[in-house]
Amino acid sequence: MPLSQRVQALAESATIAVSTKAAELKRAGHDIVAFGAGEPDFDTPPHIKAFAHAHIDAGKTKYAPAAGVIEARQAVCEKFSRENGLSFEPKNIIITCGAKEAIYLAFAALLDPGDEVILPVPYWVSFPEQVKINGGIVKPLLGDESNSFKLRPEQIREALTPRTRAFVLNSPSNPGGFTYTPDETRAIASVFRGTRVTVLADELYDRLRFDGVDYLSFAAVDDDARNRTITINSPAKTYAMTGWRVGYAAAAPEIIAAMSRVQSHTTSGPCTFNQYSMADALRADQSGVDEMRRAYQQRGRHMHARLNTLRGVACVQPTGAYYCFANVRATYAALGVTGSVEFSRLVLEKAHVALVPGIAFGSDDHVRLSFATSMEQIDKGLDRLEKLLGRK
Ligand code: PMP
């Protein structure tokens, strides 16, 4: 059956080969250390599960308005006010099927064929494909690794063209692990003044920052930034709720209305009792978040330090999220591999460690390792990598 050109243009996931192989080895009884998963190893906290049970029992099981239930939109406004210093009303908020759908709806609302989207590299895997599905053209912009992959304002200014419709800002970053400081965020915001560029600020990891690194939500820079920004977030990472498939976006009411129109004809929005449960999770005691954050911080420091002792490996220090994006280019010649997919396959076969090839994030010199796993697993995996690669 012929497929649409739009779908044919979508890249095959570079990660599938490696994850299929990992599953195969596991089935064959091998002990695989998994650094691939992009989700918390923690279970959803019991009080949040209890919210969902209660909402099901109370009959919150029917259709909801296209932009989401008002209680959830209200709770999201409170979150933005409390944590990000942003004042929104429910008309500024849409509740979506995870942050992933929020990003999809944003591009659907913004892009006409041929519109350009500047995408910092390394990027989260779905950004380029979602731009393409919606008719846009991806303009990758490589961050400077010696500056933790962060873009400098001049670089962004030079990349702007009359066709630039949107810019993606993901801080803290998956997979880069970097976080823009408030001053850097302000400097980036100044680049867009006087342009028609919309900024898609993916702030999913805003609560998972380490070592007290300061943070400024992009829309909180000033009125100009606020008016041009679609802020994306979700409880997935903060509350270990990845499978609940609920997320949200905040933007000008006309953007939210457009995104809601698309949602009304596609998914009709996320499961209603999950919307209510997310509202409760946002309003409940937040001490569990800090506990998880501290655990990620400790694991991240440890993984980063050990990676940098390995021969041919150099890794930027993560300041947020839960990923190390390690440069392994200098190992390729000795291992006889030509890129990150071959490297990951070899590491999986020889060391039984599953990683994600950097090509999926725009760089073939890197691999991504998630530290959303126990210290014991981190040490086991790093011991195996050390045996394979040697020490510096
Ligand atoms: N953006 C980034 C940067 C992510 O890392 C992820 C999840 N890996 C998403 C969006 C999608 O999140 P959700 O599960 O809420 O759809």
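Values computed for the structure shown
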quantity	calculated
Cut-off under 5 Å, modelled amide H: who pairs with THR229 long-range	VAL199
Label-point gap, in nm, between SER87 and ALA257 - each point 7 angstrom along Cα→Cβ	2.3
Among the listed pairs LYS79/LYS237; LYS21/LYS387; LYS49/LYS237; LYS79/LYS100; LYS139/LYS392; LYS60/LYS132, those beyond 25 Å (Cα-Cα)	LYS139/LYS392; LYS60/LYS132
Potential lengthening between ASP222 and GLN298 on full extension [0.36 nm per residue; Cα-Cα distance subtracted]	24.0 nm
Radius 13 Å from Cβ of LEU141, net charge of other residues (Lys, Arg +1; Asp, Glu -1)	0
Rounded to 10°, Cα long-axis angle of helix 46-57 versus longest principal axis of the chain	40
Set of aspartates and glutamates with alpha-carbon distance to LYS350 below 16 Å, sequence-local pairs under 8 removed	GLU24, ASP31, GLU342, ASP383, GLU386
Solvent-accessible area per residue, Å², over the chain with all protein chains present [probe radius 1.4 Å]	42
Estimated [θ] at 222 nm from DSSP helical runs (n ≥ 4, -39500 (n - 2.57)) normalised by residues in the chain, nearest 500	-13000 deg cm²/dmol
Set of aspartates and glutamates with alpha-carbon distance to LYS150 below 19 Å, sequence-local pairs under 8 removed	GLU158, ASP183, GLU184, ASP202, GLU203, ASP206, ASP211, ASP214, ASP364, ASP365
For peptides 304-315, 43-54, 115-126, 197-208, sequence by mean Cβ density within 10 Å, most packed first	197-208, 115-126, 304-315, 43-54
Antiparallel %, DSSP beta bridges [both residues in the chain], to 5	45
Computed label-point distance, nm, for sites ASN147 and LYS380 using a 7 Å Cα→Cβ extension	4.1
Inter-site label distance for ALA9 and THR61 at 7 Å from Cα along Cβ, in nm	4.3
Surface share of carbon and sulfur [accessible, 1.4 angstrom probe, percent] for the chain	52
Sites GLU129 and ASP285 - FRET efficiency at Förster radius 51 Å, r taken between beta-carbons, to 0.05	0.85
Solvent-free Debye scattering, log10 I(q)/I(0), computed from the Cα coordinates of the chain at q = 0.09, 0.11, 0.12 Å⁻¹	-0.53, -0.80, -0.96
Under Karplus coefficients 6.51, -1.76 and 1.60, residue-wise ³J(HN,Hα) of the stretch 342-349 in Hz, glycine/proline x	5, 4, 5, 5, 5, 4, 5, 6
Descending semi-axes in whole angstrom, ellipsoid equivalent of the stretch 62-283, from the Cα gyration tensor	26, 20, 16
Amide H contacts under 5 Å for GLY320, placed H, 5+ residues apart	PHE210
Highest-MSF residue in the chain out of ALA236, ALA72, ALA333 [GNM, Cα springs under 10 Å]	ALA333
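The values are calculated or read from the model by the stated rules, or taken from the named source; none is laboratory data. Note that the coordinates shown come from a computational prediction; the quantities given were computed from them, not determined experimentally. Cβ sites come from the backbone with ideal geometry, for glycine too, and all protein chains shown count toward neighbours. The accessibility values were calculated without ligands, DNA or RNA, using every heavy atom of the protein model including side chains. Shrake-Rupley method; radii C 1.70, N 1.55, O 1.52, S 1.80 Å.
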